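First comes the structure, then the notes that go with it.
Bear in mind that the values in this text are calculations on the coordinates, not laboratory data. Computed from a predicted structure; not experimentally measured. Here Cβ is always computed from backbone atoms with ideal geometry, including for glycine, and neighbour counts include all displayed protein chains.
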Amino acid sequence: MKRRSLLTATSTLPLALAQTPAPKRQESSYIELRYYRLRNMRENQRQRVTDFIKNAYLPAALRAGLGPVGVFSSLIAPETPFILTVRSYGSIYAMEQAWDKIGGDAEYQKAAQAFQALPGLSYMRVETQLLRAFEGFPKVVAPPIDEKKPARVFELRTYEANHWGALRKKIGMFDTMGEIRIFKKTGLLPVFFGETVFGPNQPSLTYLLAYDDLAARERNWKAFVNDPEWAKLRATEGYSDAEIVSNISNIMFSPLPFSQIR
């Protein structure tokens with residue numbers, strides 16, 4: 001190639017690169033965890049909240065285009081009893097739109113007013129946590145439902161990181177270094193993975209796993225811990241729990257019969 005031709009070709013390269021569209025990143029959803037904190041009182045708070053979610057909130061959420069919606073009751077957890085709802089949105093804007101639709105839903109508003117007018121306390125407090133789904137697992141994936149089998153049990157696990165850089169490393173282990181794939185290979189069934197955007201104990205991440213039963217949980221975690229690929233990954237310098245994770249906590253719960261995640 002002549003020198004002038006070479007200069008012409010190379011001078012147009014930056015422009016060509018600038019005009020080449022970047023690969024489109026798959027949008028990650030936002031996952032809302034809402035805890036209804038209850039007490040064992042004569043008002044039967046558990047039944048009140050369950051009935052309200054089943055007969056009022058869930059139908060309104062579906063009319064607003066949300067789903068799948070998970071509704072769970074505490075099984076093995078601190079600060080019990082509680083009811084937990086899990087819902088997801090395609091974006092922050094979609095979340096605002098859903099709230100507006102539910103807020104303007106006449107049927108839901110009528111039911112909410114009746115719920116709020118009940119004597120006594122229907123719940124103690126409501127706590128909300130917002131997560132942003134991992135790029136490598138961008139949506140909530142509800143396990144397939146088999147009506148012939150008993151309801152699954154679910155485990156919500158939270159990893160608190162030493163600092164934000166450590167959190168990025170731990171998310172990378174899930175997203176790009178194969179930890180999610182090893183989960184699936186060893187029988188652990190993920191529903192979602194998310195980084196805490198709003199909520200306690202930041203920086204942290206939270207994920208949800210499903211099991212056929214508690215015995216299956218023990219078998220699957222044993223298979224994961226003993227997996228050679230996981231042993232190699234956790235031994236990678238800079239990625240051990242001692243270096244990047246300061247605390248791991250978990251809660252176990254069971255889905256209510258009308259939950260879309262069960």
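Angle between the Cα long axis of helix 164-175 and the longest principal axis of the chain, 0 to 90 degrees, nearest 10? Roughly 90 degrees between the two axes. Per residue, the average separation of C-alpha pairs within less than 8 Å and at least 6 apart gives the chain a relative contact order of 26 percent. Enclosing the Cα atoms of segment 181-242 in their convex hull gives a volume equal to 116 cubic angstrom per residue. Helix 106-116 against the longest principal axis of the chain: what's the angle in degrees, Cα atoms only, rounded to the nearest 10? With rounding to tens, the tilt is 60 degrees. Kirkwood analysis of the Cα pair distances in segment 21-175 returns a hydrodynamic radius of 17.8 Å.
Applying D = kT/(6 pi eta Rh) to the chain, where Rh is the Kirkwood radius over alpha-carbon pairs, T corresponds to 37 °C and eta to 0.692 mPa s, the Stokes-Einstein value obtained is 158 µm²/s. What the Cβ-Cβ distance of L62 and F198 gives, at R0 = 30 Å and to the nearest 0.05, is a FRET efficiency of 0.75. As a length-normalised measure over Cα pairs under 8 Å and 6 or more apart, the relative contact order of segment 175-248 settles at 28 percent. The angle separating the long axis of helix 92-103 from the principal Cα axis of greatest extent in the chain is about 20 degrees.
Sorting the segments 122-129, 252-259 by their mean number of nearby beta carbons within 10 angstrom, highest to lowest, gives 252-259, 122-129. Calculated mean residue ellipticity at 222 nm for the chain: -10000 deg cm²/dmol, from DSSP H runs with n ≥ 4 weighted as -39500 (n - 2.57), summed, divided by the residue count and rounded to 500. If the segment from E96 to N250 were pulled out straight at 0.36 nm per residue, it would be longer than the present Cα-Cα gap by 52.5 nm.
Farthest toward the positive end of the dipole of segment 30-255, out of L118, Q129, L188, is the Cα of L118, where the dipole comes from beta carbon charges about the Cα centre. Taking the Cα centre of the chain as the origin, how large is its charge dipole in debye, to the nearest 20, when only Lys and Arg (+1) and Asp and Glu (-1) carry charge on their Cβ atoms? Its charge dipole is roughly 580 debye.
With the simple spin-label model, which puts each label point 7 Å out from Cα in the Cβ direction, the N226 to N44 separation comes to 4.7 nm.
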